[in-house]
Each structure stands twice: as structure tokens, then as C-alpha cells.
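Note sheet for the following structure.
Nothing in this text is a laboratory measurement; each read-out follows from the coordinates by a stated rule. Since we're looking at a predicted model, the values are computed, not measured. All Cβ positions, even for glycine, are placed from backbone atoms using ideal geometry, and neighbour counts span all protein chains on display.
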Amino acid sequence: MQLQVPEDSPWFGKTLTVKELRWYNNAPVVFFEGIEDRTAAESLIRAILLIEKDHAELPVEPDAWYDHQLVGLKVVRDGQEVGEVVRVDHLPAQDLLVIRQADREVLLPFVRAFVPTVDLTNGKVEITPPGGLFEELESQDAN
């Protein structure tokens with residue numbers, strides 16, 4: 001396990017030991033040794049706890065991926081690379097792939113109609129986005 005905190009955090013570069021894990025309202029709550037009160041716990045409010053998992057132990061589900069598997073994949077449209085997946089945004093209606101394309105980010109609904117192929121072996125996703133999503137808008141002169 002690794003704890004990611006901002007460099008200005010008093011916990012930056014320090015090691016913490018997990019004392020206990022409990023579930024409250026379907027959310028995990030971690031208790032650390034040496035963090036005995038609310039003030040100390042609040043100092044960890046922007047921390048991210050990373051847990052390494054042996055991917056060989058993960059259940060195999062068709063058409064199911066973890067965010068870390070998608071981030072960094074090349075995005076290919078009609079055989080041409082058009083960008084790279086930089087993150088996955090999870091929204092109530094559906095997930096969105098956030099694709100960096102040159103100097104901008106494009107949000108693409110992560111649904112089979114727009115992302116028919118995810119190829120982890122070759123490091124790419126193939127997309128069939130709706131028209132206009134990846135094309136630059138041409139400026140028109142008003143007369």
C-alpha cells in the first residue's frame with residue numbers, strides 16, 4: 001500500500017500502518033496507527049490510498065476494465081491515432097473516456113456504440129464517435 005499526499009502535507013514522505021478497516025454506509029473507512037483523533041484524521045483529507053493487487057487474481061469479466069488499464073491507451077479512429085485516454089470520469093448516466101487530443105480534452109461516452117473495441121494487448125481503443133466531436137469547428141465569416 002502507498003499513501004499519496006500533496007508535498008505540503010505533514011504526511012508527505014512518511015509511512016502509516018493500517019490498524020483496521022471498517023465499512024460504514026457501504027464505504028470503506030481505514031483507521032491508521034497513530035491517528036487517534038479527528039484533527040489528526042482531517043490532516044489526511046486529501047490523501048489517496050493506493051493498494052497493489054496481483055492482476056492474475058482479478059476475476060475475468062468480458063467488457064469490464066479498471067481505470068488504470070484504460071489510462072494511457074492510444075485512441076484510434078478509422079485506423080488513425082487521434083489521441084490518448086488520460087482518465088475515466090464516472091458519471092451517473094455513464095462513464096466518459098477523457099481523451100487528450102493535441103491541446104484539448106474530448107469527452108466520449110464509454111458505450112459500445114462509440115467505443116466498440118478495447119484492446120489492452122495492443123494498447124489501444126478503437127472509437128466511432130458521433131460526427132463533429134473530434135473535428136475542429138471551422139470559423140465562418142459573418143457578412
*Pairs of Cα atoms under 8 Å, at least six residues apart: use those to get the relative contact order of the stretch 14-99, whole percent.*
13
*Could you work out how far apart the two model spin labels at ALA102 and LEU120 are, taking each label as a point 7 Å from the Cα in the direction of the beta carbon, and quote it in nm?*
3.3
_Student exercise: in the chain, how many lysine pairs 8 or more apart or on different chains have Cα atoms under 30 Å apart?_
5
*Overall form of the stretch 2-55 per C-alpha gyration tensor (a/c, 1.5; a/b vs b/c)*: oblate
*Given the chain reduced to its alpha-carbon atoms as identical point scatterers, what log10 I(q)/I(0) does the Debye formula return at q = 0.10, 0.15 Å⁻¹?*
-0.54, -0.93
*Using only alpha carbons, build the gyration tensor for the stretch 67-126 and give me the equivalent ellipsoid semi-axes, biggest first, whole Å.*
16, 13, 11
*What FRET efficiency would be calculated for the residue pair GLN94, GLN4, taking the C-beta separation as r and a Förster radius of 30 Å, to the nearest 0.05?*
0.65
